[in-house]
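The values are calculated or read from the model by the stated rules, or taken from the named source; none is laboratory data. As the structure is a prediction and not an experimental result, all values here were calculated from the model. Counting neighbours? That spans all protein chains shown, and the Cβs are built from the backbone with ideal geometry, glycine included. Surface areas here come from the heavy atoms of the whole protein model, side chains and all, with no ligands, DNA or RNA. Shrake-Rupley method; radii C 1.70, N 1.55, O 1.52, S 1.80 Å.
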Amino acid sequence: HQLPHGTTSAALKLRRNAWRRSESYAQLMRALQTSLENAPALRGRHVVMFTLVYGTRYAGYLPRWIQRAVAFGHGARTLLFCLDENTVKVCESHHPFPALCVPGEVKTTANKFHFTSVVVNSGFDVLYLDFDTIFFKDPLPPVLQAAEKADMLLTRDFGTECINIGVVFMKSHPDNAQFMEDLIIWLWHHPYEFCQKAFAGVMGLEDVQWNSIFGDIVRSVPRWAFLDSLNAFVTSTIYGEGAMGWTGREDQIVIYHFLDGTGGVDSSISVRGYVNLFDLFYANDRLNLLETETP
């Protein structure tokens, strides 16, 4: 992969007007250009964050989700892939940079891979976040420090080595670009119901297709590492107290991933039943999400 050298507004504008590009691609190029022109480089690199969101329920939490990113000074580097018209409108009404609300149509979590691949191939480092996350601290300083020794950073479950791709950082690096291409091509030919397991399979961490019979799907794996998933980049305990959760001090948490992608749990095996943490964090008048000193 030949990645862009010295990303410029002119180069992004040229890509935005490329022949036969999709409207979402054009809007993403516009968003990256806006970020480039308004967000300062960090450690000499262009860095953006993004999540994807759709549906009436989640759109209701979107204004305060954006507010939390803005509180840490990241408004100009926070992109949102909005997969329905209402979510686009809500995003544009509350984002300080409405051009960073990128409209899409196809409602699939595979979009996190497509979006990440385009960003990496456009010369930007990217921190992907599931929508069911909240910043306790500014995530970019510890992420960029950890990235000095790796090109891809992942989180994992508390008590296991199973990866969790609710928080993923990727540098704009040829190895990452190739990895994402391999993953997307494999998923095109082998639709898989659980994107996290597919990701792990292409990394060689799980056997998702009986490799001994059908062949190994691993091609090239970037230089990667885990973020601190014990106390800094942590999850709720939903199923299995030994596998999920966190330990340590609350004031050391950076990102809390509360694992609410469906609005419910399987009560027969969950630890404590469903608790709506979206309401706690993003619909709670007792919280001032612009206050960053108190987690």
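List pairs: first residue in the stretch 86-99 and over 19 Å from LEU32 (Cα atoms), second residue buried (at least 16 other Cβ atoms within 10 Å of the Cβ) anywhere in the structure, Cβ distance under 6 angstrom, at least six positions apart or on different chains.
Sorted first by the residue in the stretch 86-99, then by its partner, the pairs are ASN86/ALA59; THR87/VAL53; THR87/TYR54; THR87/ALA59; VAL90/ALA59; VAL90/LEU62.
If you scan the stretch 99-109, which residues turn out to be among the aliphatic types (A, V, I, L, M) and either in contact with a His (Cβ under 7 Å, 6 or more places away or on another chain) or open to solvent by less than 10 Å² (accessible area, probe 1.4 Å) (or both)?
Selection gives LEU100, VAL102.
Can you tell me which residue among LYS112, LYS89 is more than 26 Å from THR294 (Cα to Cα) and surrounded by fewer than 21 Cβ atoms within 10 Å (Cβ to Cβ)? Talk me through it step by step, then tell me what you get.
Values: LYS112 fails: surrounded by fewer than 21 Cβ atoms within 10 Å (Cβ to Cβ).
After applying the criteria, what remains is LYS89.
What is the one condition in (1) assigned to a loop (DSSP other than H, G, I, E, B); (2) at pLDDT 85 or above; (3) surrounded by 15 or more Cβ atoms within 10 Å (Cβ to Cβ) that ARG21 does not satisfy?
(3)
Among residues belonging to the stretch 228-246 that are within 22 Å of LEU127 (Cβ to Cβ) and open to solvent by less than 30 Å² (accessible area, probe 1.4 Å), point out the one that is farthest from the chain's Cα centre (by Cα).
Applying the filter and picking the extreme gives ASN231.
Taking PRO96 and the conditions (1) at pLDDT below 95; (2) open to solvent by 50 Å² or more (accessible area, probe 1.4 Å), which numbered condition does it fall short on, given that it satisfies the others?
Of the numbered conditions (1) at pLDDT below 95; (2) open to solvent by 50 Å² or more (accessible area, probe 1.4 Å), the odd one out for PRO96 is (1).
Scanning for something in contact with a helix residue (DSSP H, G or I) (Cβ under 6 Å, 6 or more places away or on another chain), outside any loop (DSSP other than H, G, I, E, B) and among the hydroxyl-bearing types (Ser, Thr, Tyr), does the stretch 217-238 turn up at least one residue?
Within the stretch 217-238 (the criterion being in contact with a helix residue (DSSP H, G or I) (Cβ under 6 Å, 6 or more places away or on another chain), outside any loop (DSSP other than H, G, I, E, B) and among the hydroxyl-bearing types (Ser, Thr, Tyr)), the answer is no, since none of the residues qualifies.
Got at least one residue in the stretch 187-206 being assigned to a helix (DSSP H, G or I), modelled with pLDDT of 90 or more and of a type in the set (Gly, Ala, Ser)?
no
Could you tell me how many of the residues in the stretch 152-186 are open to solvent by 10 Å² or more (accessible area, probe 1.4 Å) and under 12 Å from ARG223 (Cβ atoms)?
4
Hey, among the residues in the stretch 247-295 that are part of a loop (DSSP other than H, G, I, E, B), within 23 Å of SER229 (Cα to Cα) and among the acidic types (Asp, Glu), which one's most open to solvent (accessible area, probe 1.4 Å)?
Residue satisfying both the conditions and the ranking: GLU293.
Tell me whether the stretch 129-138 contains one or more residues that are modelled with pLDDT of 95 or more, out of contact with any His (no Cβ under 8 Å at 6 or more places or on another chain) and open to solvent by 50 Å² or more (accessible area, probe 1.4 Å).
Checking the stretch 129-138: at least one residue is modelled with pLDDT of 95 or more, out of contact with any His (no Cβ under 8 Å at 6 or more places or on another chain) and open to solvent by 50 Å² or more (accessible area, probe 1.4 Å).
Can ASP157 be described as in contact (Cβ under 8 Å) with a residue 40 or more places away in the chain, more than 20 Å from GLY75 (Cα to Cα) and in contact with a Pro (Cβ under 7 Å, 6 or more places away or on another chain)?
no
Give the residue, chosen from LEU144, LEU154, that is modelled with pLDDT of 95 or more and closer than 22 Å to ASP251 by Cβ. Walk me through it before giving the result.
On the way: LEU154 fails: closer than 22 Å to ASP251 by Cβ.
Testing whether each residue is modelled with pLDDT of 95 or more and closer than 22 Å to ASP251 by Cβ leaves just LEU144.
Check LEU52, LEU79, LEU32, LEU62 and return the single one that is out of contact with any Asp or Glu (no Cβ under 7 Å at 6 or more places or on another chain), open to solvent by less than 10 Å² (accessible area, probe 1.4 Å), in contact (Cβ under 8 Å) with a residue 12 or more places away in the chain and not in a helix (DSSP H, G or I).
The match here is LEU79.
Please find, among ALA225, ALA243, the residue that is at pLDDT 95 or above and either small (Gly, Ala, Ser) or at positive phi (or both).
Of the residues listed, the single one that is at pLDDT 95 or above and either small (Gly, Ala, Ser) or at positive phi (or both) is ALA225.
Condition first: in contact (Cβ under 8 Å) with a residue 40 or more places away in the chain and either among the polar types (S, T, N, Q) or open to solvent by 40 Å² or more (accessible area, probe 1.4 Å) (or both). Now tell me which residues in the stretch 35-49 satisfy that.
The answer is SER35, ASN38, LEU42, ARG43, ARG45, HIS46.
Listed residues LYS137, LYS112, LYS149; which is in a helix (DSSP H, G or I) and in contact (Cβ under 8 Å) with a residue 12 or more places away in the chain?
LYS112
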